[in-house]
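Peer 1: Here it is, the structure in full.
The values are calculated or read from the model by the stated rules, or taken from the named source; none is laboratory data. Remember, it's a predicted structure, so these values are computed and weren't measured experimentally. Cβ placement follows ideal geometry from the backbone for every residue including glycine, while neighbour counts extend to all protein chains displayed. Just so you know, the surface numbers come from the protein's heavy atoms only, side chains and all, with ligands and any DNA or RNA stripped out. Shrake-Rupley method; radii C 1.70, N 1.55, O 1.52, S 1.80 Å.
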Amino acid sequence: MVSDTARNRAQMILLGAITLAAIVVGLTVVVNSHFVTQNGAVSEVAPQIDEAQEFEYESRKGSRSLVLRLNHRHRNLTAADLGALIDRNMTVYSGLMAESYASSRGEYVNVTYNNASSQFGMRVVQAADGNVTSDAGQGEWIVGRPGERRNLGWFTMNVNVEETSERPTWINVTNATGHSVNVSINRTTAGTGINLGVSSNVSHAGNASTLCDPSRDRVLLDVFEGSTFTGDCAFNGTRSIAPPYRVDVSGGKQLVAKYELVYNETLVSTYYRPCTATGPPQPMDQPCRTPAVWNANVTTEFGGSQLDYTNEYNITVYREAR
């Protein structure tokens, strides 16, 4: 026979078990709800992180392309004029990106060009066909001054093959350690028809020669990389040696071309004037120097429902030699 005391003890144990089970179930619901909430927040943020990374990539690529094009679009601009031009165009570019992100994703984006924090270099340009001489007609001259060496990020030459002599012109590039790249350019009948002969001698690597087939009597040389823009010939460019460089010309009266170089710093020369010099405008078939943005400082902003940030970048406009 079960006593009243034993019966009471059993009822208490049963009641305690039921209460404990209720507590465990309650805690399970709370914990599961917590993890579901946290995972939901992460899953909402993750897509915006990807979109922000995409925006950063596109904005930096677009900003570099924009500044590069504007650097080479005009010849007679001061640094202040060029900075104002880039700022206006960057504002338009930023507005177009903002419209695209707002309409398709409901996010705010902005790109701002900071001219005061950007680094300027110097562009040397001859904008029309002419002999590759100084503005005084010297065929032997230095693109800069004898004591100046600078890093070089751009050196293109658009050669008029028909007007160029069969006698070679030499573009001589030397660095501070005594290494050099000497590129000779001349018209030739070697191969089929009339071609542009390019030979390059690297002081520590030997000689190389190639024939470049003209298109409409012209060949566009990338002297920096050592190639043509059609890709039909290659040679040793200035990148074959380490910077900084000094560039000088020998036999410039034999070559007819228009060309551009961009240095990473301001370059002073007695062989040509600034493009914006007072007095009569510099003839288009003679060289002059004008500012170019080497590193563009930009601020990017991104705003979404789950993510907001601001970044500042120095975008290298030109591929530097190292």
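Peer 1: If you take the beta carbon distance between ALA205 and ASP232 as r and set R0 to 25 Å, what does 1/(1 + (r/R0)^6) give as a FRET efficiency, to the nearest 0.05? Walk me through the numbers on the way to the answer.
Peer 2: Values: r = 22 Å, r/R0 = 0.89.
E between ALA205 and ASP232, to the nearest 0.05, is 0.65.
Peer 1: Given LEU196, GLY178, GLY252, which one lies farthest toward the positive end of the charge dipole of the chain, if we put +1 on the Cβ of every Lys and Arg and -1 on the Cβ of every Asp and Glu?
Peer 2: Value computed over the given set: GLY178.
Peer 1: Something else about it: Give me the one-decimal nm value for the distance between modelled label points at LEU85 and HIS179, 7 Å along each residue's Cα-to-Cβ direction.
Peer 2: Placing both labels 7 Å beyond Cα along the Cβ direction yields 3.5 nm.
Peer 1: If one takes the longest principal axis of the Cα atoms in the chain, at what angle in degrees, from 0 to 90 and to the nearest 10, does the Cα axis of helix 79-105 lie?
Peer 2: 40 degrees
Peer 1: Here's a follow-up. Can you give the charge dipole size of segment 186-289 about its Cα centre, rounded to the nearest 20 debye, using +1 on the beta carbon of Lys and Arg and -1 on the beta carbon of Asp and Glu? Intermediate values should be presented prior to the final figure.
Peer 2: Details: 9 positive and 9 negative charges, 53 e Å.
It comes to approximately 260 debye.
Peer 1: On a full-extension model of 0.36 nm per residue, what is the gain between HIS74 and ALA98, subtracting their alpha-carbon distance, rounded to one decimal in nm? Working shown, then result.
Peer 2: Working: separation 24, 0.36 × 24 = 8.64 nm, distance 2.77 nm.
My answer for the length gained is 5.9 nm.
Peer 1: Comparing PRO281, PRO168, PRO214, which has the greatest mean-square fluctuation in the GNM of the chain with Cα pairs linked when under 10 Å apart?
Peer 2: Evaluated over the chain, the most mobile residue of the options is PRO281.
Peer 1: Okay, moving on. Need one word for segment 120-209: rounded, prolate or oblate. Basis is the Cα gyration tensor (sqrt eigenvalues a ≥ b ≥ c); a/c below 1.5 gives rounded, then a/b vs b/c decides. Please report the intermediate quantities before stating the final value.
Peer 2: Details: a/c = 2.07, a/b = 1.26, b/c = 1.64.
Taking the square roots of the gyration eigenvalues as a ≥ b ≥ c, segment 120-209 is oblate.
Peer 1: So, one more: Under the Karplus relation 6.51 cos²θ - 1.76 cosθ + 1.60, θ = phi - 60°, what is the ordered set of whole-Hz ³J(HN,Hα) values for segment 257-271, x standing for Gly and Pro?
Peer 2: After applying 6.51 cos²θ - 1.76 cosθ + 1.60, I find 6, 10, 7, 8, 10, 10, 9, 7, 9, 4, 10, 10, 8, 9, 8 Hz.
Peer 1: Which value in deg cm²/dmol, rounded to the nearest 500, describes the helix-derived mean residue ellipticity at 222 nm for the chain, given -39,500 (n - 2.57) per DSSP H run of n ≥ 4 and division by the residue count?
Peer 2: Working: 2 runs with 95 residues, N = 322.
Calculated mean residue ellipticity at 222 nm is -11000 deg cm²/dmol.
Peer 1: Quick one: plug the Kirkwood hydrodynamic radius of segment 203-322 (C-alpha pairs) into Stokes-Einstein at 20 °C, 1.002 mPa s, and report D in µm²/s. Present the calculation step by step, with values, prior to reporting the outcome.
Peer 2: On the way: Rh = 18.4 Å.
Here the translational diffusion coefficient equals 116 µm²/s.
Peer 1: Convex hull over the Cα atoms of segment 68-181, averaged projected area in nm²?
Peer 2: Numbers: hull surface 46.6 nm².
Mean shadow area of the hull around the Cα atoms is 11.7 nm².
Peer 1: Can you give the accessible area per residue of segment 81-120, in Å², using a 1.4 Å probe? List each step's numbers first, then the result.
Peer 2: On the way: 2050 Å² over 40 residues.
Ligands and nucleic acids excluded, the result is 51 Å² per residue.
Peer 1: If you don't mind, another one. In terms of the ratio Rg/(2.2 N^0.38 Å) built on C-alpha atoms, what value belongs to segment 181-237? Mind dumping the intermediate values first?
Peer 2: Working: Rg = 10.9 Å, N = 57, 2.2 N^0.38 = 10.2 Å.
Against the empirical 2.2 N^0.38 Å value, I get 1.07 for segment 181-237.
Peer 1: Counting heavy atoms of the protein chains only and a 1.4 Å probe, report the per residue accessible area for segment 226-283 as a whole number of Å². Please report the intermediate quantities before stating the final value.
Peer 2: On the way: 2380 Å² over 58 residues.
Per-residue accessible area for segment 226-283 comes out at 41 Å².
Peer 1: Still on this structure: When the chain is modelled as a GNM with alpha-carbon springs shorter than 10 Å, which of ARG289, ARG105, ARG246 fluctuates the most?
Peer 2: ARG105
Peer 1: If you don't mind, another one. Which value, in debye to the nearest 20, gives the size of the charge dipole of segment 125-253 about its Cα centre, when Lys and Arg are +1 and Asp and Glu are -1 at the Cβ?
Peer 2: Values: 10 positive and 13 negative charges, 77 e Å.
The dipole magnitude comes to about 360 debye.
Peer 1: Among THR310, MET97, ALA292, whose Cα lies farthest out toward the positive end of the dipole of the chain, if unit charges sit on the beta carbon of Lys, Arg (+1) and Asp, Glu (-1)?
Peer 2: The listed residue farthest towards the positive side: ALA292.
Peer 1: In addition: With volume of the Cα convex hull per residue in Å³ as the read-out, I listed (1) 134; (2) 251; (3) 162; which label goes with the value calculated from this structure?
Peer 2: Computed from the coordinates, volume of the Cα convex hull per residue in Å³ corresponds to (2).
Peer 1: Here's something else I'd like to know. Given segment 89-134 reduced to its alpha-carbon atoms as identical point scatterers, what log10 I(q)/I(0) does the Debye formula return at q = 0.31 Å⁻¹?
Peer 2: -1.07
Peer 1: For segment 257-322, give me the percentage of DSSP beta bridges that are antiparallel, rounded to the nearest 5 percent. Provide the component values of the computation, followed by the final result.
Peer 2: On the way: 9 of 10 bridges.
Given both bridge residues lie in segment 257-322, the antiparallel proportion sits at roughly 90 percent.
Peer 1: Hey, another quick one. May I ask for the angle, rounded to the nearest 10°, between helix 4-71 and the longest principal axis of the chain, with both axes built from Cα atoms and the value confined to 0 to 90°?
Peer 2: It is inclined by approximately 10 degrees.
Peer 1: Okay, next question. State the percentage of accessible surface on the chain attributable to carbon and sulfur atoms; use a 1.4 Å probe and exclude ligands, DNA and RNA. Write out the running numbers ahead of the final one.
Peer 2: Values: 8800 of 16430 Å².
Here it works out to 54 percent.
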